[in-house]
1. With the cut-off at 1.5 for a/c, could you classify the stretch 100-157 from its C-alpha gyration tensor as rounded, prolate or oblate?
2. Which of rounded, prolate or oblate describes the stretch 1-108 when judged by the alpha-carbon gyration tensor and an a/c cut-off of 1.5?
3. So, in nm, how far is label SER135 from label ILE78 when the simple model puts each one 7 Å beyond its Cα toward the Cβ?
4. For THR75, what accessible surface area do you get with a 1.4 Å probe? Give it in Å², rounded to 10.
5. Can you tell me the accessible area per residue over the chain, all protein chains present, probe 1.4 angstrom, in square angstrom?
6. Using 18 Å as the cut-off for backbone N distance, which residues of the stretch 77-120 belong to the label zone defined by a point 7 Å from the Cα of THR126 along Cα→Cβ?
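The values are calculated or read from the model by the stated rules, or taken from the named source; none is laboratory data. Quick caveat, the model's predicted, so the values are computed rather than measured. FYI the Cβ positions are ideal-geometry reconstructions off the backbone, even for glycines, and counts take in every protein chain you see. Each accessible area value is taken on the protein alone, full model and side chains, heavy atoms only, with ligands, DNA and RNA left out. Shrake-Rupley method; radii C 1.70, N 1.55, O 1.52, S 1.80 Å.
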Amino acid sequence: AEMLPPKGIDFSPDGRFLATGGDEGIVRVWDAKQGAELLTLNLGGIIHRVSYSPDGTYLAAASEDGSIKVWDALTGEIVSTPSRQSGMYDVTFLADGRLATAGQDGTTRVWDSLSGQQLLVLAGPTSTVISVAGSPDGERIATGAYDGSLRIWDAAP
């Protein structure tokens, strides 16, 4: 079967692995040196972004159908499934290991990546949030939305 082009792509922090996701709703983990496919993880929906945790232990993806999953990056075992929200366009781990997602409903949500519990809802843009990034100290989150807005939020735990 032909693989659809990857939209989301991320190296593990140690550079050994590469994770990809795309329109087929599958996250694939590759050996970055040999090119061999090591894991195939099913999420569903269109995946725009995949993200490794800062320590490389976990791998997360979120999709346009609202699914979010966190896996053990080595075994592919599901760690948590945060509750479905509106469609997701971005997902990233914060420096402290929490997970942030950017949604079609104009919200950015922060989750406990291990329990899947929602910790914070940042609402403001009137349109879809398409990108999210965490500051190196984990205390701020930057978001970009379709309405052209760029915002910086307090995300201190």
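1. Numbers: a/c = 2.26, a/b = 1.40, b/c = 1.61.
The shape class here is oblate.
2. Details: a/c = 1.85, a/b = 1.26, b/c = 1.47.
Oblate, since a/c reaches 1.5 and b/c is not below a/b.
3. 3.5
4. It works out to around 90 Å².
5. Values: 7400 Å² over 157 residues.
Roughly 47 Å² per residue, with all protein chains present.
6. The answer is 104-108, whose backbone nitrogens lie closer than 18 Å to the label point.
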